[in-house]
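Take a look at the structure below.
The values are calculated or read from the model by the stated rules, or taken from the named source; none is laboratory data. Because the structure is a prediction, the values reported are computed rather than measured. Neighbour counts run over all protein chains shown; Cβ positions are idealised from the backbone, glycine included.
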Amino acid sequence: MSEKKVKEAIENKKMACPDCKKPIQKYSKYSETIDAVRDGFNIQEIESHSARVTLTCGNDECEWEERTEYWEEYINE
Ligand SMILES: [Zn+2]
C-alpha cells in the first residue's frame, strides 16, 4: 500500500465516487500511520500498513470528500 497506488488509481480512473459514480479526481494529505512498538526498554517506530488520504470527487456539482484509511475499497480493479 503506498501513495503511488492512490495516485495511479486516480490517474487510471479506477476510483469511483460513491455519490455520483464518476471517477474521483484528486487526493490530498496522504499520510502513513506510524505505530510505536515496545521492544524491551527500547521503543521502535515501525511503519504500519495503513495510510490515510483525503479523497475529493471533484466532478461538477458533487461535493463528496472523505478522509479515510480504507481508500482501497474505492479502487475498482
Ligand atoms: Zn462525486
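Can you give me the ranges of the strands (runs of 3 or more DSSP E) entirely in the chain with at least 1 residues that are among the hydrophobic types (A, V, I, L, M, F, W, C) and modelled with pLDDT of 95 or more?
Details: elements: 26-39, 42-56, 65-68.
The qualifying strands (runs of 3 or more DSSP E) are 42-56.
Can you name every residue in the range 11-24 that is more than 13 Å from the ligand (Cβ to nearest atom) and in contact with a Lys or Arg (Cβ under 9 Å, 6 or more places away or on another chain)? Steps first, please.
To start, the set of residues in the range 11-24 that are more than 13 Å from the ligand (Cβ to nearest atom) comprises 11-12, 14.
If the condition is that a residue be more than 13 Å from the ligand (Cβ to nearest atom) and in contact with a Lys or Arg (Cβ under 9 Å, 6 or more places away or on another chain), then no residue fits.
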